[in-house]
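Report on the structure given below.
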Amino acid sequence: MRRDYQIVVLGGGSGGISAARAAKRAGLSVAMVQDGPIGGECTFSGCVPSKVLIEAARQGLPYGSAHQRLKAVIAEIAEEENKNAFLEAGIDVFEARGRLGSEDGLLDTSLGVSLRYDHLILATGSTPMHPFIPGPSERYLTNENVFELVDTPKELVVVGGGAIGCELAQAYRRYGSKVTVLELSERLLPAEDYDASMLLGTVFRNEGIETIYKATVSAVREKADGTLELDLSNGDRLSASHILLATGRSPSTSSLNLEENGVSLDERGYVKVDRHLRTSKNNIYAVGDVTGIALLTHAADEMGRIAVHNITHPLRKRSFHPLDVPIVIFTDPEYARIGPSPSSIPNTSTKTVTFEIKDSDRAKITGRREGFIKLTVTRKSIFGYVGGGRVLSATIIGDRASELIHEVELARRSRMFAGRLAQTVHAYPSSSIALRQCAAKLFP
């Protein structure tokens, strides 16, 4: 059986949902092919459950109550994104696996139905990376199954000190688990701001989270009582009831028949795209994690809309700019960044000012004094640093950083003078006043 569509979307996560809806709004015939429930990683094993668990821990809820809330929130959000909701919107849904067919412009599905398309949008996402660690691999947890735990782990070893590892390490520690984080580099969040990493490391120590740097797991043994014994690369040995792997992501591209159909992959297996999100095949686009660019739910959502716009407006194409996408890590304190990190910017072409959160009146009122705002500006065309220069980037670690970052995002995207942030009236005593105070330091 064969069906014809103007756009076929392969994948039903954030990027696929965004692309399918945008295509339907543009008046196109659309089909979505999704192996599993619509919503994908974010709804069922990513952003939603992790943030529920983190917020419940912050509120002091017991783990049992947090787990019940987690299931309820997933069900509520999934209900808004289920198959019937898309069918009612006029988007055909095929619950199946898909792969490019041997004929150009054809997607074969595991249902035996082939879909002919004018344009295909790849949105198959990514899966947790599974480094080879000799031992009982069925006992290793990832974000795909850790949220199924009904009871709090007694002793949890988290392999990886990136965003997922740090978020879940802190959450489970607050539920009473003994937590150890193994990080191969010399600090937590190694890709992010150095000062923020140091602050978070201090917070972890104060909360009783042990962190072992420049080490990873070389082997695991399961003892007779079910305890796991871990041999580390530095010669140390640990015991644990559970191991959580948080070492990165791998693209979901291996079974799609892409390279055989002229779609190029990079050395890691991610789909290569240009700035318009088009692949090496003219009528195939890719969005979200499968591109290896900005592995974030909100980035995938934006990419889905851009891809459809570029398909429907070939003479007025839009580019995707990953540095315009905010990065937020929901530790406590929260971490947020927009634009390049200060360490990657030459000091000769920029100015950076820092404001300590403890100096804001809001921090004195709430008692949440840890953290800082770091604002980096560069010359604004012929005006130089007049008006404070142009906003280039910002790093915020502190209470409500996930909310504060968006004001700087707007400033960066609109290329405004940084002085506008200092001129904007902020309600007293809000957290955002600290951002105005930081920008004001550009005018000593």
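The values are calculated or read from the model by the stated rules, or taken from the named source; none is laboratory data. Bear in mind that the values here come from a model prediction, so they are computed numbers and not experimental data. Reconstructed Cβ throughout: ideal geometry from the backbone, glycine too, with neighbour counts over all protein chains shown.
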Condition broken by Arg305, with the remaining ones in (1) surrounded by 14 or more Cβ atoms within 10 Å (Cβ to Cβ); (2) part of a loop (DSSP other than H, G, I, E, B) satisfied:
(2)
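Considering Arg420, Arg400, Arg415, which residue is on the phi > 0 side of the Ramachandran plot and surrounded by fewer than 17 Cβ atoms within 10 Å (Cβ to Cβ)?
Numbers: Arg420 fails: on the phi > 0 side of the Ramachandran plot; Arg400 fails: surrounded by fewer than 17 Cβ atoms within 10 Å (Cβ to Cβ).
The match here is Arg415.
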Somewhere in the stretch 391-404, is a residue over 20 Å from the mean Cα position of the chain (by Cα) and not acidic (Asp, Glu)?
yes
Close pairs from the stretch 237-262: first modelled with pLDDT of 95 or more, partner among the aromatic types (Phe, Trp, Tyr) and not in a loop (DSSP other than H, G, I, E, B), Cβ under 6 Å, at least 6 apart:
Ile243/Tyr140; Leu245/Tyr140
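Here's a check for you: in the stretch 65-101, which residue that is without any contact (Cβ under 8 Å) to a residue 60 or more places away in the chain and small (Gly, Ala, Ser) is farthest from Gly39 (Cα to Cα)?
This residue is Ser65.
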Tally time: how many residues in the stretch 147-176 are in contact with a strand residue (DSSP E or B) (Cβ under 6 Å, 6 or more places away or on another chain) and crowded, with 20+ Cβ neighbours inside 10 Å?
11
Quick check on my filter: what residues within the stretch 29-54 are free of Cβ contacts under 8 Å to residues at least 40 places away in the same chain and within 21 Å of Asp151 (Cα to Cα)?
Phe44, Val48, Val52
Which pairs have Cβ atoms under 6 Å, sit 6 or more apart or on different chains, and link a residue in the stretch 208-231 that is part of a loop (DSSP other than H, G, I, E, B) to one that is of a type in the set (S, T, N, Q)?
Ala215/Ser233; Ala215/Asn234; Thr216/Ser233; Thr227/Ser239
Does Ser185 qualify as being over 30 Å from Gln68 (Cβ atoms) and surrounded by fewer than 14 Cβ atoms within 10 Å (Cβ to Cβ)?
yes
Those residues of the stretch 232-246 which are surrounded by fewer than 19 Cβ atoms within 10 Å (Cβ to Cβ) and either within 24 Å of the chain's Cα centre (by Cα) or in a loop (DSSP other than H, G, I, E, B) (or both), in sequence order
Ser233, Asn234, Gly235, Asp236, Ser241
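Would you confirm whether or not the stretch 377-385 contains a residue that is surrounded by 22 or more Cβ atoms within 10 Å (Cβ to Cβ) and either within 27 Å of the chain's Cα centre (by Cα) or among the polar types (S, T, N, Q) (or both)? Walk me through it before giving the result.
Applying the first criterion (surrounded by 22 or more Cβ atoms within 10 Å (Cβ to Cβ)) to the stretch 377-385 yields 377.
From the residues that got through so far, the ones that are either within 27 Å of the chain's Cα centre (by Cα) or among the polar types (S, T, N, Q) (or both) too are 377.
Yes, because at least one residue in the stretch 377-385 is surrounded by 22 or more Cβ atoms within 10 Å (Cβ to Cβ) and either within 27 Å of the chain's Cα centre (by Cα) or among the polar types (S, T, N, Q) (or both).
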Counting only residues that are in contact with a strand residue (DSSP E or B) (Cβ under 7 Å, 6 or more places away or on another chain) and on the phi > 0 side of the Ramachandran plot, how many does the stretch 278-314 have?
1
Pairs where the first residue, in the stretch 275-287, is under 18 Å from Arg316 (Cα atoms) and the second is buried (at least 23 other Cβ atoms within 10 Å of the Cβ) and of a type in the set (Phe, Trp, Tyr), C-beta under 6 Å, 6+ apart
Leu277/Tyr285; Arg278/Tyr285
Which one is surrounded by the most Cβ atoms within 10 Å (Cβ to Cβ) among residues in the stretch 88-106 that are small (Gly, Ala, Ser) and out of contact with any Phe, Trp or Tyr (no Cβ under 8 Å at 6 or more places or on another chain)?
Gly98
